[in-house]
Amino acid sequence: MTASEFAIETARLRLRPFRDDDLGALVALIGDWDVARWLSLVPHPYGEADGQKWIAIVRQDHATGRPRRFAVAAKDDDRLVGGVGFDGDPGGQTDETALGYWLGRPYWGRGYGREAVGALLDYGFGVLGIDAIRAVTDPENAASQKLLLRCGLARAGEIHLARPTRLGAPRAPLFRISRPHR
């Protein structure tokens, strides 16, 4: 398996690079306002040019051999269901590793988010050697907050955002998790 083919497999999912044939599903799933409203850094409306740019970014990330961003695909038929990854601080205030994820609306409520985030946390701590990971959610996104807690992140207060959420909140809940001691 080459670096560009690197994948993380779970019971039902495959975290893999985005591919050109994911473009239609990517645009449709993340372009849905019910998904995009929670994602402050994702353009809305989301077009093919946005998707092509993102696919290229993730492809370059995988070419490093230590990717940090992944498509989330169903393991049985490899169809795109979302995305997950690590990045810099979404609030723009620190150099901490930040966790981000999204799922297309048809895939909500199936446990895919918990499975993908759990696998990414294991990869981040075990393979990338990250010491601490943080996540920020829109204050109104109770489902995301619940998922983060179930994945072992703890509420660590609130942060003032460099720019308000899409729904206009100037502050957001902050969650953190540290690498388990062995």
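Coordinate-derived values only; no laboratory data. Bear in mind that the values here come from a model prediction, so they are computed numbers and not experimental data. For neighbour counting, all protein chains shown are included, and Cβ atoms are generated from backbone atoms with ideal geometry for every residue, glycine included.
One table, with the values for the structure above:
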item: Extension gain from A156 to R110, taking 0.36 nm per residue of separation minus the Cα-Cα distance; result: 13.9 nm
item: Global geometry of region 109-173, whether rounded, prolate or oblate, following the gyration tensor of its Cα atoms and the 1.5 cut on a/c; result: oblate
item: For peptides 124-134, 61-71, sequence by mean Cβ density within 10 Å, most packed first; result: 61-71, 124-134
item: Relative contact order of the chain, pairs being alpha-carbon contacts under 8 Å that are 6 or more residues apart, as %; result: 20
item: Computed Rg/Rh of the chain, alpha carbon atoms with Kirkwood Rh; result: 0.93
